[in-house]
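The values are calculated or read from the model by the stated rules, or taken from the named source; none is laboratory data. Remember, predicted model here, so these are calculated numbers, not experimental data. Cβ atoms come from the backbone with ideal geometry, glycine included; neighbour counts cover every protein chain shown.
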Amino acid sequence: MLEEKTTCTYRIDEPFSRALKQLRKALAAANVKISGEIDMADRVRGSLLLSVPPCVVLLAWMAAWPAEDLPLDPCAAALTPLHIVVSARGPRTEVHFLRALPGSNRPPIFPCRYAAGRLQAEIARVLGKIGRRSLDD
């Protein structure tokens, strides 16, 4: 039985710093707010004294859907903010994020899952404009 991957991967044919800047600009234009950022490569360098390629985790949420306005959802802590992993892969950049949950395209009992599904779809739309979906998915 084939297992479905839990993440979507896109490739941007730009070096890391240019791709990250392009992604931030495209997400902002799509009303996706970056509420935080974690430089994973810097953490590895600082903790383990290892040199690794650049890798950043962007914490994303739709600016028009403040989390405070959504009812409590047991899955909310795992889904929000959505983590977008941006990593250097030689001369290109890879972007990874969680694949949409089954049934997240219609308003469920827990609106946070619906909002997260719409956010995932919006990020995929943005990435489709500036990169291409990995064929390995």
Seminar exercise, completed: Restricting segment 8-29 to residues that are in contact with a strand residue (DSSP E or B) (Cβ under 9 Å, 6 or more places away or on another chain) and over 17 Å from R89 (Cα atoms), the one surrounded by the fewest Cβ atoms within 10 Å (Cβ to Cβ) turns out to be A28
Problem set entry | Residue satisfying condition, being in contact with a helix residue (DSSP H, G or I) (Cβ under 7 Å, 6 or more places away or on another chain) and not β-branched (V, I, T), within set L50, L59 | L50
For this session: Please report, ordered by residue number, the helices (runs of 4 or more DSSP H) entirely within segment 8-86 with at least 1 residues that are under 21 Å from R99 (Cβ atoms) and at pLDDT below 90.
Result: 76-79
